[in-house]
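Here the structure is laid out as structure tokens; the discussion comes afterwards.
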Amino acid sequence: MHTLGMFAYLVATLILASLLTVVVSMFRNIKSHDDFRSWRYILFFWVILSFGPYLYADLLTRKSGTDFEKIVRKTMSEAEVGGKMEYFRVLTLTDRSARIVAVATEPSSIGFMDRVVMTIDLSYSGKKWEAKQYQFVSSFKRGKDAVSMPPYW
């Protein structure tokens, strides 16, 4: 399912890049009609739209990830994830709330390693960050088979 989600994500960003290229082409100079190379704009916008959310989440994680690591580990143990946390990323961050996606690896009942993806909503109570709620996105053991946007696996 992760491959299908990534493929859908890349197709959606390619469509958005094409639409942005159409907008750019509508506002360009008419005299330089033959010099327009639309594939360059499509490629530029596609790379920005595809990797931008990952870079943004990585920057937020580097900025405040050390504050959230204990909370993510505690929430994963409360959710009875019986494996090792691989990584987590901070998707959104405000003064009062944060949204985190966490990925762990745990053994499944049929003998392979399961990648568990979960989202955790945090709230700031004035003194410390607390996990408000969590939700499994992808887990074979729990019967969840969805994709986060942007896709993490």
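The values are calculated or read from the model by the stated rules, or taken from the named source; none is laboratory data. Predicted model, so just to flag it, every value in this text is computed and none were measured. Virtual Cβ from ideal backbone geometry, glycine too; neighbours counted across all protein chains shown. Only protein heavy atoms, including side chains, enter the accessible area calculation; ligands, DNA and RNA are left aside. Shrake-Rupley method; radii C 1.70, N 1.55, O 1.52, S 1.80 Å.
Key figures
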quantity	calculated
Residues (open to solvent by less than 60 Å² (accessible area, probe 1.4 Å) and of a type outside the set (A, V, I, L, M, F, W, C)) located in segment 131-141	138, 139
Filter result for the condition that a residue is of a type in the set (A, V, I, L, M) and more than 19 Å from the chain's Cα centre (by Cα), over 42, 100	42
Residue 18 among the polar types (S, T, N, Q), more than 28 Å from residue 147 (Cα to Cα) and surrounded by 12 or more Cβ atoms within 10 Å (Cβ to Cβ)	no
Residue list for segment 95-117, restricted to those being open to solvent by 60 Å² or more (accessible area, probe 1.4 Å), closer than 21 Å to residue 67 by Cα and in contact with a strand residue (DSSP E or B) (Cβ under 6 Å, 6 or more places away or on another chain)	96, 99
Identity of the residue in segment 118-130, touching a residue at least 40 places away in the same chain (Cβ under 8 Å) and closer than 17 Å to residue 95 by Cβ, that ends up surrounded by the most Cβ atoms within 10 Å (Cβ to Cβ)	122
Failed condition for residue 151, given (1) at pLDDT below 90; (2) closer than 30 Å to residue 13 by Cα; (3) loosely packed, with under 12 Cβ neighbours inside 10 Å	(3)
Residue list for segment 75-86, filter: surrounded by fewer than 16 Cβ atoms within 10 Å (Cβ to Cβ) and under 14 Å from residue 101 (Cα atoms)	86
